[in-house]
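In what follows, a structure is listed as structure tokens, so that the remarks can point back to it.
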């Protein structure tokens, strides 16, 4: 079995985020990036299938800042092949999916497993679009995958904690929400060793020709209010003060 895992770097949300001068994007000059959380789960699920089925796992990513580090980290975790797609940058999800599909369609694959969404993609459609451009079925919001020959059993999560079970045949695209196990940790020393031993293949994105997606007109930080008023005293005193405040605001 051959599994392809598209991954991407996203802004680390624990950092202080600033907006660029045009107000259309984050200021990325000093922005710290990290592997998309959901892509990390997709990679883990693929590696679990490798452990169970002896699958071959390929990690693929669009060219960009620090993406080599993310690919080498994937190799350190167990990915067998690394591919960097060149000739495309700053793309929408539609363009990214088309670029990925252009490369993937020339590879041998049974499953394409990517994160169900990312903090910066605005639509969460990567798995859907990959399936569209590759001409294969897809299931998204996946929380578990089992393989038996060419048959794949997929657990899909719905709102309210409901989980459905689907059976599908390969080739198949999956949007992974959560792996069956927590993504494995890989020490920095192992990533450095992978950067010496592993090879990143470069492949051209090819013709995109995509006229779809959305653009950001304006970004801004939420306005800061006056702050909270802390109410001290006993429970009775606090209750009386809350009633007084609500009455002053005309709430009865």
(message) Being surrounded by fewer than 10 Cβ atoms within 10 Å (Cβ to Cβ) and within 30 Å of residue 21 (Cα to Cα) is the filter here; which residues of the stretch 219-252 pass it?
(response) 220, 221, 222, 223, 224, 225, 226, 227
(message) Looking only at strands (runs of 3 or more DSSP E) that lie completely in the stretch 1-52, which have at least 2 residues being without any contact (Cβ under 8 Å) to a residue 60 or more places away in the chain and within 30 Å of residue 81 (Cβ to Cβ)?
(response) 33-35
(request) Please state which one of 51, 39, 12, 27 is exposed (fewer than 14 other Cβ atoms within 10 Å of the Cβ) and in contact with a strand residue (DSSP E or B) (Cβ under 6 Å, 6 or more places away or on another chain). (result) 12
(message) For a quick check of your reading of the model, give me the residue pairs whose first member lies in the stretch 167-186 and is at negative phi and touching a residue at least 60 places away in the same chain (Cβ under 8 Å), whose second is surrounded by fewer than 16 Cβ atoms within 10 Å (Cβ to Cβ) and assigned to a loop (DSSP other than H, G, I, E, B), with beta-carbon atoms closer than 6 Å and at least 6 apart or on different chains.
(response) 170/150; 172/137
(request) Say whether the condition of being out of contact with any strand residue (DSSP E or B) (no Cβ under 8 Å at 6 or more places or on another chain), assigned to a helix (DSSP H, G or I) and farther than 25 Å from residue 71 by Cβ is met by at least one residue in the stretch 228-235. (result) yes
(request) Within the stretch 55-76, track down each residue that is surrounded by fewer than 23 Cβ atoms within 10 Å (Cβ to Cβ), touching a helix residue (DSSP H, G or I) at 6+ places or on another chain (Cβ under 6 Å) and in a helix (DSSP H, G or I). (result) 73, 76
(request) Give just the number: which of (1) loosely packed, with under 15 Cβ neighbours inside 10 Å; (2) under 20 Å from the mean Cα position of the chain (by Cα); (3) in a strand (DSSP E or B) does residue 202 not satisfy? (result) (2)
(message) Go through (1) within 18 Å of residue 201 (Cα to Cα); (2) at pLDDT 95 or above; (3) in contact with a helix residue (DSSP H, G or I) (Cβ under 7 Å, 6 or more places away or on another chain) for residue 113 and report which single condition fails.
(response) (1)
(message) Quick check on this structure: which one of 101, 89 is in a loop (DSSP other than H, G, I, E, B) and either over 14 Å from the mean Cα position of the chain (by Cα) or at pLDDT 95 or above (or both)?
(response) 89
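The values are calculated or read from the model by the stated rules, or taken from the named source; none is laboratory data. Keep in mind that this is a model prediction, so the values were computed, not measured. Heads up, the Cβs are rebuilt from the backbone with ideal geometry, glycines too, and the neighbour counts pull from every protein chain shown.
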